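In what follows, a structure is listed as structure tokens, so that the remarks can point back to it.
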Amino acid sequence: MTDEASNRPEARAPRGFADRRGRDLTAERRIVARVSEVYERWGFEALETPAFEYADALGKFLPDADRPNEGVFALQDDDDQWMALRYDHTAPLARFAAQNWETLPKPFRRYAYGPVWRNEKPGPGRFREFWQCDADTVGSDRPEADAEIIAMGCEGLRAAGLAAGQAVIRVSNRKLFDGLFDAGGIADPVQRLTALRAVDKYDRLGVEGVRLLLGEGRLDESGDYTKGANLPASVIGAIEAFLASAETPGLSRAGVLDAVSGAALGAAGEEALKELAAIDRALTAMGVAQDDVRFDPTIVRGLEYYTGAVFEAELLLDTKDEKGRAVRFGSIGGGGRYDDLVSRFTGQSTPATGFSFGVSRLASALRAAGRGAEDATRGPVVVIVFSEDDMQHYLDAVSELRAAGIAAELYLGRAGMKAQMKYADRRGAPAAVILGGDEIAAGQVTIKDLDAGRARAAAIADNDAWKAERPGQQTVARDQLVAVVRSIIE
């Protein structure tokens, strides 16, 4: 190996970061455009905040304040302050609201979309950079604000491409467990958070797994041990009974509230039931179906900043991987009420509630469900080049198509006719424009309908039949170029 070759860098993308071509970008842009239209129709203002925030503004989003690059991608500015790429869109909103509160309409309703970055270990389907879309209301403590966010989230997911029955938003209230802990004498916040994280694994581990995590801990199949919350047996029993009380299939939202109301919930739990009942009334008034939004006490959203209602959007759509095996996407979004986040900056309690979903994750799920055809990028019409001497004719043709609003390109490689046609096919071109010497002399143009060719090729398995039935091609007067190409595209 020569020194020059050994010094060449390896072409590789950083772990957890992905290159995305036209299909992926088209899918995400389509979702964002459709959801944005819904959010604006509901009266939410678009807001874009910088990719970087000061690390202290992210606050409890960082695992360790002494390690400002842990969990986020951070750098030190020339004034020695640490800045970090945004972890999500909620922390920047809290900073923006605190910074501009005096001039904002209150409540302040905004939505945002764009990439977020997380300095975490990447894995299958787990990226360090991905797109999210958020909607939040800051300044309202009414349960109806939670209900509106939930209902709007349902409509947004429909607009993004999910039909009825393909997703459900499950709703609960963190105060339900606060009430259980209060009644059981559990005051340690770390112990409470550990218990909540155990309950959050209920759908994956079942009752037995959660019971172990609520107690001393659990040893999984790989041999890894997870330390438990060490709750007293009486509190573990109360939580199990509480979860079981809401498992009856087919219960309405009001039915779930009736089922859990018999548990020892304490004052905080009773307050949670009132808030959920108000959310149910508002959802019903807005015509939100019981199957689209359900009450589920196992939804806890383990992050520390949620203070009341919590919700999680679960994908019910049948999805498969590239080998045709069933794959479960599970949660595609969530949110809740976070009444203490803005107060980190102002010292004054400011109620807020919001919902976020993963744009990249939803686009991947739709593709895994066989719904990616509409996101296939359609290439431009390709004008074939035969001779340098006729370049003016080719440039005239491509300019004429572009002036008519038709995406077109002139082939600028140096390959022959066969390779150029293969290039046009790989570009997904709807048509190829052929201006050979005979066409130019006769004042004509030949247009090859590549869309028709692909359709016929897909339908014909027999090679003899394929030879007998060639893809569509027509030669027309030169001044008919735009009209014929437009008819092929439309």
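The values are calculated or read from the model by the stated rules, or taken from the named source; none is laboratory data. Keep in mind it's a predicted model, so treat the numbers as computed, not measured. We place every Cβ from the backbone using ideal geometry, glycine too, and count neighbours over all the protein chains shown. When the accessible area is computed, the model is the full protein with side chains, heavy atoms only, and any ligands, DNA or RNA have been set aside. Shrake-Rupley method; radii C 1.70, N 1.55, O 1.52, S 1.80 Å.
A compact table of results
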read-out: Leading residue by the ranking (nearest to Ala84 (Cα to Cα)) among those in segment 31-59 that are of a type in the set (D, E, K, R) and open to solvent by 30 Å² or more (accessible area, probe 1.4 Å); value: Asp56
read-out: Matching entry among Asp390, Asp425 (being touching a residue at least 40 places away in the same chain (Cβ under 8 Å) and of a type in the set (Asp, Glu)); value: Asp390
read-out: Some residue of segment 217-227 being open to solvent by less than 50 Å² (accessible area, probe 1.4 Å) and touching a residue at least 12 places away in the same chain (Cβ under 8 Å); value: no
read-out: Filter pass, Ile440 being free of Cβ contacts under 8 Å to residues at least 60 places away in the same chain, of a type in the set (Val, Ile, Thr) and either loosely packed, with under 13 Cβ neighbours inside 10 Å or farther than 14 Å from Ile488 by Cβ (or both); value: yes
read-out: Phe357 being open to solvent by less than 10 Å² (accessible area, probe 1.4 Å) and aromatic (Phe, Trp, Tyr); value: yes
read-out: Filtered residues of segment 114-137 (kept if of a type in the set (S, T, N, Q) and in contact with a His (Cβ under 8 Å, 6 or more places away or on another chain)); value: Gln132
read-out: Search result, residues across segment 443-484 that are modelled with pLDDT under 65, among the aliphatic types (A, V, I, L, M) and farther than 18 Å from Arg378 by Cβ; value: Ala459, Ile460, Ala461, Ala465, Ala468
read-out: Residues located in segment 310-351, provided they are open to solvent by less than 40 Å² (accessible area, probe 1.4 Å), on the phi > 0 side of the Ramachandran plot and out of contact with any Phe, Trp or Tyr (no Cβ under 9 Å at 6 or more places or on another chain); value: Gly330
read-out: Matching residues in segment 124-165 - criterion: being under 15 Å from Ile332 (Cβ atoms) and in contact with a strand residue (DSSP E or B) (Cβ under 7 Å, 6 or more places away or on another chain); value: Phe130, Trp131, Gln132, Cys133, Asp134, Ala135, Ile150, Gly153, Cys154, Leu157
read-out: Within segment 377-397, considering residues that are surrounded by fewer than 15 Cβ atoms within 10 Å (Cβ to Cβ) and not charged (D, E, K, R), the one nearest to Asp24 (Cα to Cα); value: Thr377
read-out: Tally of residues being modelled with pLDDT under 90, in a loop (DSSP other than H, G, I, E, B), touching a strand residue (DSSP E or B) at 6+ places or on another chain (Cβ under 9 Å) and within 30 Å of Asp291 (Cβ to Cβ) across segment 215-266; value: 2
read-out: Single condition Ala187 does not satisfy, out of (1) outside any helix (DSSP H, G or I); (2) touching a helix residue (DSSP H, G or I) at 6+ places or on another chain (Cβ under 7 Å); value: (2)
read-out: Helices (runs of 4 or more DSSP H) contained entirely in segment 355-441, each with at least 3 residues that are at pLDDT 95 or above, more than 30 Å from Thr90 (Cβ to Cβ) and not polar (S, T, N, Q); value: 391-403
read-out: Residue satisfying all of: in segment 398-422; free of Cβ contacts under 8 Å to residues at least 24 places away in the same chain and open to solvent by 80 Å² or more (accessible area, probe 1.4 Å); nearest to Val381 (Cα to Cα) among these; value: Arg402
read-out: Whichever residue in segment 288-309 is small (Gly, Ala, Ser) and farther than 17 Å from Glu275 by Cα and, among such residues, is surrounded by the most Cβ atoms within 10 Å (Cβ to Cβ); value: Gly302
read-out: Residues of segment 329-343 satisfying the condition of being within 12 Å of Gly153 (Cα to Cα) and among the acidic types (Asp, Glu); value: none
read-out: Inter-residue pairs, beta-carbon under 9 Å, first in contact (Cβ under 8 Å) with a residue 12 or more places away in the chain and farther than 18 Å from Gly287 by Cβ and in segment 153-178, second part of a strand (DSSP E or B) and among the charged types (D, E, K, R), 6+ apart; value: Arg170/Arg294; Arg170/Glu312; Arg170/Glu314; Ser172/Glu312; Asn173/Arg337; Arg174/Arg337
